[in-house]
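Below: one structure, written as structure tokens.
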Amino acid sequence: MNYIFYFLIVISIIFGAVNGKLSDVVNAILSGAELSVKVAFSLIGIMAFWLGMMKIAEKSGLITLIAKIIKPITKRIFSEIPEDSPAIGDIAMNFSANAFGLSNAATPMGLKAMEELQKHNKDKSSASNAMCMLLSMNTAGFQLIPATVLAVLIGIGYKNPTEIIAPTLLVTSVAFISAIILAKVFEKLWKPQSETNEEGENVS
Amino acid sequence: MFHSIMQTISLWALPSILILILTMGLFKKVPLYETFTDGAKDGFKVAVNIIPYLVAIIVGISMFRASGIIEYVGRVFAPVLAHFNVPADTIPIMIVRSLSGSAALGVFSDIANNLGPDAYATKLSAVMVGSSETTFYVLAVYFGAVGITKLRYALAVGLLADFIGIVAAVSVCNLFF
């Protein structure tokens, strides 16, 4: 991440200077910083709502129940996490919310899952295998209906917007399954967490 | 048919989750109001915790986009990608969709509005935008919320899966349209 952070900023400045867009690049610092705070603050309300609901779901045993139901799948994907951990139930809810396009609900559920996974994590500043898996599942962005895209297509008078759904579903499934397989492969190939910890940053 | 069923499910997914959570809570005699407000307290904390991570990622990406490098890379790759039946207009989406969701949607809207519903570029970009999630944003929010700074292989997997998604989108659209 250190390299990416360096690359994003330094390359942008150099390229912007060559391109004659240096002032745009400099202005982007302010607008980007403003946008970050806007994004974070716009999350507060919905985050509070779903974290509240998830607390009820946890206390009532619903999360554990969901975790039990999907155990056959999750014990293969999240092999390091105890089967009855609330993290598994949170992950299941995060996945379902994503699949149905409820990204407002999916993010707080995913963050709650991350917090549960952090409890099982040996090194609190580095990502455990389970965390990398949850992140991969979310960055792949599996979704049954691409609602926003459909809205744009309908807006421009696309005659049969639903013909987009099948190919999109196919592509998103391929990406999602690849992400899970890749995460599993990398889990085997990558240095175990404790070594990464001692040497510090290893990730580019 | 499939679409209308899915729409109904999407509409009812959220309300049913709420009914399920609250009903189960009531049956198990969970003090609903107190538990809700107790959990909701973390909302502010989580949102504030992710600000440093969001600032790092979003400022970096804003600068990157403002530098014009994405258009440049697009021009460089256009002749190569033309062999795979990829219209030059859609190339910025391939680069930007891992970086910024709103930017990807913006480019897609431009293509759709300028080239119209019948253009292959419209269909390809629709599939590419509809099948992706903004890898860098998800990374900043999810790892930021728990203070993870050493990503290990998480970003590599995310970007590789994004790349596979692009290849899949190009292949599938060539088949379908």
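A short reminder: the numbers here are calculations on the coordinates, not readings from a lab. The shown structure was predicted, so the numbers you read here are calculated from the model rather than taken from an experiment. Cβ placement follows ideal geometry from the backbone for every residue including glycine, while neighbour counts extend to all protein chains displayed.
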> Toward the positive end of the charge dipole of the protein assembly as shown, about the Cα centre and with charges on Cβ (Lys, Arg +1; Asp, Glu -1), which of A:Ile63, B:Ile164, A:Asn98 goes farthest?
Replying inline: A:Ile63
>> What do you get for the angle between helix B:2-27 and the principal long axis of chain B? Use alpha-carbon atoms, 0 to 90 degrees, nearest ten.
In response: 20
> Looking at chain A, do any whole DSSP H helices span at least 18 angstrom along their long axis by alpha carbon and average 0.0 or above on Kyte-Doolittle, and which?
Replying inline: A:2-19, A:22-59, A:86-99, A:165-189
>> Counting only Cα atoms, I'd like the Rg/Rh figure for the protein assembly as shown, Kirkwood definition for Rh.
In response: 0.97
>> How big is the dipole moment of the protein assembly as shown about its Cα centre under a simple scheme where the beta carbon of each Lys and Arg is +1, that of each Asp and Glu is -1, and everything else is neutral? Debye, nearest 20, please.
In response: 520
> What area, in nm² and to one decimal, does the C-alpha convex hull of region A:84-204 cast on average over all directions?
Replying inline: 9.0
>> Compute and list, largest first, the equivalent-ellipsoid semi-axes of region A:59-119 from the alpha carbon gyration tensor, each √(5λ) rounded to a whole angstrom.
In response: 17, 12, 11
> How far, in degrees from 0 to 90, does helix B:120-130 lean away from the longest principal axis of the Cα atoms of chain B, to the nearest 10?
Replying inline: 30
> If the label point is 7 Å along Cα→Cβ of A:Lys38, which residues in region A:72-106 have backbone nitrogen under 20 Å from it?
Replying inline: A:104
> How far apart, in nm, are two points set 7 Å out from the Cα along the Cα-to-Cβ line at B:Asp38 and at A:Asn27?
Replying inline: 5.1
>> Give me Rg/Rg_expected for region A:1-48, where Rg uses Cα atoms only and Rg_expected = 2.2 N^0.38 Å with N residues.
In response: 1.50
>> Restricting to Cα pairs below 8 Å that are 6+ residues apart, what does the relative contact order work out to for region B:1-112? Please round to a whole percent.
In response: 13
> Hey, how many Å between the Cα centroid of region B:87-120 and the Cα centroid of region A:8-41?
Replying inline: 21
>> What whole-number distance in Å separates the alpha-carbon centres of region A:92-166 and region B:1-71?
In response: 10
> With a 10 Å Cβ neighbour count serving as the proxy for reagent exposure, in which order, fewest first, do B:Ser171, A:Ser36 appear?
Replying inline: B:Ser171, A:Ser36
> Modelled label-to-label distance, B:Ala119 and A:Ile46, 7 Å Cα→beta-carbon offset: nm?
Replying inline: 2.9
> Among B:Leu99, B:Leu124, B:Leu26, which one moves the most in a GNM of chain B with springs linking Cα atoms closer than 10 Å?
Replying inline: B:Leu26
>> Sort A:Ile88, B:Ile164 by Cβ crowding within 10 Å, fewest neighbours at the top.
In response: B:Ile164, A:Ile88
>> So for region A:70-156, averaging the separation of alpha carbon pairs under 8 Å that are six or more residues apart and normalising by length, what relative contact order in percent results?
In response: 31
> How large is the Kirkwood hydrodynamic radius of region B:42-176, in angstrom, based on all distinct alpha carbon pairs?
Replying inline: 16.0
>> Under a crude label model (7 Å from the Cα following the beta-carbon direction), how far is A:Ile14 from A:Glu163 in nanometres?
In response: 4.6
> chain A: Rg/Rh from Cα coordinates, Kirkwood Rh?
Replying inline: 1.02
